[in-house]
Amino acid sequence: MTAPLRTNEPIVVQVALGARTYDIVIGRGLLASLGARTKALRPGAKTVIVTDETVAKHHRAATEQSLAAAGIESSAIVVAPGEGSKNYATFEKVCEAIIAARIERADLAVALGGGVIGDLAGFAASCVRRGLDFVQVPTTLLAQVDSSVGGKTGINSRHGKNLIGAFHQPVMVIADTALLDTLPVRDFRAGYAEVAKYGLLGDAAFFSWLEANWQDVFAGAPAREHAIAVCCRAKAAIVARDERENGERALLNLGHTFGHALEAGAGFSDRLLHGEGVALGMVLAFEFSARKGLASAESATRARAHLAAVGLPTDIKQVPGGVPGVDALMDLIAQDKKVKRGRLTFILVHGIGQAFIENNVDPAEVRAFLADVMK
Ligand SMILES: NC(=O)c1ccc[n+]([C@@H]2O[C@H](COP(=O)([O-])OP(=O)(O)OC[C@H]3O[C@@H](n4cnc5c(N)ncnc54)[C@H](O)[C@@H]3O)[C@@H](O)[C@H]2O)c1
Ligand SMILES: [Zn+2]
């Protein structure tokens, strides 16, 4: 199914944060307007594009053309693709390159890539000259629905994921859905886990819509734009109410405590992509909730069935090469930043679309649950 030719205006979702309010602009072919939009936002600014080798191959030329057509000077910093680039060495390289490119406070960094580039470039932007403004041009589904919005930036520590970072909001997000046409299906699917997450955590009607229409989202029909806009609206609303995750924003971590432990257990390698870890983590969160009598077994079955239907892993045994044992996973869960005084915080559910924050989970209960599912 191909997308019909449309003359529709792009969808604009505003993230309302007072003086730091910004727009997420969603639509097919938007990259061509990056230059004009940047110029309108910040006349006279020059830009530095931060990207990875794979994204550069597909989309660097068009990005540079768009900026040049608006008379905007740009240079580029290209890093290796993959989670491994969210490390100190690459962070240093990016910071030094931004300074070498003579990017100053009135200029802009442009993060062109997936969540890895957005997190890395955004964190570098938050540090260089004590804070440069930056534009997000997300090129993966995951980045368009999640990581490019909300201002969480950072890199990984040897102790765990995203432990070094800052809140630093972009000044604009340009989500060109056509850029996803070059994304390998496995990465698209991993990003889809975060799309399903919005339904599972707070929007049962959206989850039902996804059950019926997910194939169109994959095919790139207008359904793709619709799904991205629903996710961005949900995230924008949550971030506007709780920018620094003092409360409600934690709901966006549904599936992430289990997921991060599994990702770490797989060595942050391509054995288990972030979104795949999240899919597994969400299934575990539903099953753990059902086991505690908080949610029906039927809701857990339904969550699992949909994720499995799109081809996401829903059973720990599906991780190639396996994951560490229960003790190692419990250590990884305890190192996650959501631990307070020996009790664990998990996002649990009362059903589809009904997630809540439980910050008094007994580690022994989690251990027993994991031991059972890993049997
Ligand atoms: N900041 C946040 O709020 C937030 C939220 C969710 C996830 N994240 C982070 O996002 C990261 C995962 O993001 P991701 O899944 O986008 O990973 P990624 O950035 O590594 O991209 C996945 C792969 O796709 C390639 N790629 C990207 N765009 C492409 C395109 N258009 N065509 C072809 N190939 C393309 C990349 O080179 C990479 O190999 C994790 O580090 C996770 O922690 C952050
Ligand atoms: Zn995530």
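The values are calculated or read from the model by the stated rules, or taken from the named source; none is laboratory data. Every value quoted in this text rests on a predicted model; they were computed, and no experiment measured them. Ideal geometry is used to build each Cβ from the backbone, glycine not excepted, and the neighbour counts take in all protein chains shown. These area figures cover heavy atoms from the full protein model, side chains too; ligands, DNA and RNA do not enter into them. Shrake-Rupley method; radii C 1.70, N 1.55, O 1.52, S 1.80 Å.
Where the centre of each part is set by its Cα atoms, how far does the range 280-319 sit from the range 92-130, in angstrom?
The distance from the Cα centre of the range 280-319 to that of the range 92-130 comes to 38 Å.
Output the relative contact order of the range 141-242, whole-number percent, from Cα pairs under 8 angstrom with separation of 6+ residues.
On the way: 94 pairs, mean separation 32.1, N = 102.
Relative contact order here is 31 percent.
Highest mean first, how do 97-108, 195-206, 246-257 rank when packing is the count of other Cβ atoms within 10 Å averaged over residues? Let's see the in-between values first.
Working: 97-108: 16.8, 195-206: 22.7, 246-257: 20.7.
The packing order, highest mean first, is 195-206, 246-257, 97-108.
Can you list the lysines whose alpha carbon sits under 26 Å from that of residue 39, skipping same-chain ones fewer than 8 residues off?
57, 152
By its C-alpha gyration tensor, with a ≥ b ≥ c as the square roots of the eigenvalues, how is the range 269-375 shaped: rounded for a/c under 1.5, else prolate for a/b larger than b/c, else oblate?
On the way: a/c = 1.64, a/b = 1.06, b/c = 1.54.
Oblate shape, in that a/c is at least 1.5 and b/c is the bigger or equal ratio.
Once you place label points 7 Å from the Cα toward the Cβ at residue 70 and residue 208, how far apart are they in nm?
Going from the residue 70 label point to the residue 208 one covers 4.1 nm.
May I ask you to compute the full-extension gain from residue 20 to residue 41, defined as 0.36 nm times their residue separation minus their alpha-carbon distance, rounded to one decimal in nm? Show your work: numbers first, answer last.
Working: separation 21, 0.36 × 21 = 7.56 nm, distance 1.29 nm.
Length gained between residue 20 and residue 41: 6.3 nm.
Projecting each Cα onto the charge dipole of the chain (Lys/Arg +1, Asp/Glu -1 at the beta carbon, about the Cα centre), which of 347, 18, 190 comes out farthest on the positive side?
It is 18.
Using only the heavy atoms of the protein chains and a 1.4 Å probe, how would 64, 73 rank by accessible area, largest first? Please report the intermediate quantities before stating the final value.
Values: 64 55, 73 125 Å².
These residues rank, largest area first, as 73, 64.
Restricting to Cα pairs below 8 Å that are 6+ residues apart, what does the relative contact order work out to for the chain? Please round to a whole percent.
15
Once you place label points 7 Å from the Cα toward the Cβ at residue 244 and residue 334, how far apart are they in nm?
2.9
Note the full-extension length gain between residue 129 and residue 270 as 0.36 nm times their separation in residues minus their Cα-Cα distance, in nm to one decimal. Mind dumping the intermediate values first?
Values: separation 141, 0.36 × 141 = 50.76 nm, distance 3.40 nm.
Stretched out fully, the residue 129 to residue 270 stretch lengthens by 47.4 nm.
Considering amide H positions built from the backbone, and no H for Pro or chain starts, which residues 5 or more places from residue 79, or on another chain, come under 5 Å of its amide H?
51, 52, 53
Would you work out the relative contact order for the range 78-200, in percent, from Cα pairs under 8 angstrom that are 6 or more residues apart? The partial results should precede the final answer.
Numbers: 210 pairs, mean separation 28.6, N = 123.
Across the range 78-200, relative contact order equals 23 percent.
Enumerate the calculated ³J(HN,Hα) couplings along the range 278-294 in order (Karplus 6.51 cos²θ - 1.76 cosθ + 1.60, θ = phi - 60°), each rounded to whole Hz, writing x wherever the residue is Gly or Pro.
Result, ordered by residue: 5, 4, 4, x, 5, 4, 5, 5, 5, 6, 5, 4, 5, 4, 7, x, 8 Hz.
Do the sum for the chain: with -39,500 (n - 2.57) for every DSSP H run of n ≥ 4, divided by all residues, what is the mean residue ellipticity at 222 nm, to the nearest 500 deg cm²/dmol? Mind dumping the intermediate values first?
Numbers: 12 runs with 167 residues, N = 375.
It comes out at -14500 deg cm²/dmol, rounded to the nearest 500.
Any chance you could give the angle, 0 to 90 degrees and rounded to 10, that helix 326-335 forms with the longest Cα principal axis of the chain?
Between helix and principal axis, roughly 50 degrees.
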